[in-house]
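> Let me give you the structure first, and then I'll get to my questions.
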Amino acid sequence: MLVLIQLFALLLLVVLGFYVFVADPRRRANQTFAAFIAFLALWTTKDLIFWNFELNDNFAASWAATSFIISLLMQCALVVFAWVFPENSRTPRRKAVILFSPSIFLIPAVFLGLLWTNVGVRGGEFFIELTAIAYAFVTYVYVLYAYGTWILFKKYLRLRGTQSGQQIAALLIATAVTAILKTLANIALPYVGVYELLPYSAIFQLPGVVIFAFAISNFRLFSLQTALDQFRLFPITYKTAISIASVAIVSFVIFQIPIVWWAFHDGMNFEAWRRYLVLSVVSALVPNLLLLLLVVRSISRPLQRITLAAVEVTNGNYGTEVDLRKSNDEIGLLADSFNEMSRKMALDIEQLQTLNEQLARAERLAAMGTLAAGVAHEVNNPLASISSLVQMMKSSANPDDRQKLDIISEQIQRITRVTKDLTDFSRIRPAARSKIEINSVVESAIRLASFDTGFHQLELKREYADDLPEFTADADQLQQVFLNLFLNARDAMPEGGSLDVKTFRNQNEISVSIKDSGPGIEESVRKQLFDPFFTTKPAGKGTGLGLAVCYGIITAHDGRIDVESNNGSGTNFTVTLPANA
């Protein structure tokens, strides 16, 4: 019964220490608590060995020495914990050196056996006769305990009424309970010759340890919320620990028990030990290979894939994603975060490239606007004089000369149209903005385009949304944009075709789609559509300023023009404007 209790205590200590430490490994309070648990686990292990095997004087001396040293180390851990909790502050090194300096003399005294005059087993019962140094040792241990408790109590007075104050209050209760039970089992009763509770001394520390772990974890130790949190994010450390423990237990049951039975069923002799050692070494390879496989599968392989994906991204393959099986540990979270980062990086770079293209186009528009204003001014003045002279000459010219003057007048009108386009392109005038309905503006542009005979050859389809709100814009400028797009569609379909006009709303934006069934636009051409003086029309049919002017008007309204086209399957211009303008 005793061995089962001690094994249970050891298992509980390991679980608590591991659980609290892994919850926040970088926190000093968790580190110190894990160290305290390690010392207490050593205490339980030495009790497990001493009280469950054949007792003798050598065992008794070793047990006593180990008990003195571990009790000192546990109180040192308590003091360090009191220094760092809950602020996660650093350990005061100078103060620690001064406070722990007596250990330099007391620990060697333990190893030299100076703490007792006689220790051993008499009549199957443990006994010990202590020296004055032993009482000094115990006094020093209690001084450390009292000092650590006093530090916690002062912090409690300062933080009373807060979450940290409640945690420290629980810690003070835990230290008090542990001190009372341990003093009773290890000092008070043995002092009067009662040693029956010594084998159970490790059990008496469990209540205090549980309260400690409960307080450090913000009173959420093994709570439902904590369990749900761990289910959502199950650390790889937990998985590795569970895997190792499972493999160890299974291999012990499957291999070690049969090997021990087969090796020693005829007695413990040299041949039996030889068989046991050889088979144990061989059987150890199987679980070790299994553990290696688990580590490679759960850690090494996913990290390798993430590394390769990161290298791809650094080589410019933005948007590269890691193909991993979904897992709720740090590697799974890292893979998901990496994929999201890679996708956003690819999207951001694409948006940045689009923005750079728009900025470059805007710079070209600004430069061409300045140039256009100068050219139009310098050309229009002499052109007006030439036109006046031509009109005067026509009144007195013969028919042949009048025909030539008519040709000159037509060319003057052509130059006038070009300079007017230049003037319109460069003119900066304040937009006459007012509340408008986009459907009405589009319909007005269609009515103007219908005066063109070529536009009548198109099969026009209208699809207007009814839920479009009014917004502030310059109706004349937008009408100019849509009229230009309609006439461009006419030019793209000289033999006729279909023209679909559609208005719709997308969240806080209003869009107008103008889709034709013409030959489409090549990719190389599409990138230059909005550049000034770029045109695909024959000489004399266009100046290449229409779409540039449209682009300037729409961007001035904080909107955008998007073009979708596949060579041979038509072109779709989409004008998007903010609905809350």
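The values are calculated or read from the model by the stated rules, or taken from the named source; none is laboratory data. Owing to the predicted nature of the structure, the values given are computational and were not obtained by experimental measurement. Every residue, glycine as well, gets a Cβ built from its backbone with ideal geometry; the counts of neighbours run over all protein chains shown.
> Which of the following residues is within 30 Å of ILE349 (Cα to Cα) and not basic (Lys, Arg): ALA335, ALA248, ALA284, ALA263?
Criteria check complete, one pass: ALA335.
> Here is a further query. More than 17 Å from GLU564 (Cβ to Cβ), charged (D, E, K, R) and not in a helix (DSSP H, G or I): does that describe ASP467?
Against the criterion (more than 17 Å from GLU564 (Cβ to Cβ), charged (D, E, K, R) and not in a helix (DSSP H, G or I)), ASP467 qualifies.
> Applying the selection to the stretch 148-182, what residues are buried (at least 16 other Cβ atoms within 10 Å of the Cβ) and either hydroxyl-bearing (Ser, Thr, Tyr) or part of a loop (DSSP other than H, G, I, E, B) (or both)?
THR149, TYR156, SER164, THR175, THR178
> Output the residues belonging to the stretch 409-457 that are outside any helix (DSSP H, G or I) and modelled with pLDDT of 80 or more. Reasoning before the result, please.
Within the stretch 409-457, the subset outside any helix (DSSP H, G or I) is 427-437, 450-452.
Residues satisfying the conditions are SER434, LYS435, ILE436, GLU437, SER450.
> Let me ask another. Can you name the number of the only condition in (1) touching a residue at least 24 places away in the same chain (Cβ under 8 Å); (2) closer than 16 Å to ILE211 by Cα that ALA65 fails?
Only one criterion in (1) touching a residue at least 24 places away in the same chain (Cβ under 8 Å); (2) closer than 16 Å to ILE211 by Cα is unmet by ALA65, namely (2).
> Looking at this structure, is VAL97 β-branched (Val, Ile, Thr) and buried (at least 17 other Cβ atoms within 10 Å of the Cβ)?
So VAL97 fails the test.
> Residue by residue through the stretch 1-49, note down the ones that are of a type in the set (A, V, I, L, M, F, W, C), part of a helix (DSSP H, G or I) and free of Cβ contacts under 8 Å to residues at least 24 places away in the same chain.
LEU4, PHE8, LEU11, VAL15, PHE21, ALA34, ALA38, ILE49, listed by residue number.
> So LEU460 clears everything in (1) surrounded by fewer than 17 Cβ atoms within 10 Å (Cβ to Cβ); (2) part of a helix (DSSP H, G or I); (3) not aromatic (Phe, Trp, Tyr) except one condition, right? Which one?
(2)
> Would you check if ILE70 is out of contact with any His (no Cβ under 6 Å at 6 or more places or on another chain), within 26 Å of GLY120 (Cα to Cα) and in the same structural domain as TYR142 (by TED's automatic domain parsing)?
Yes, satisfied.
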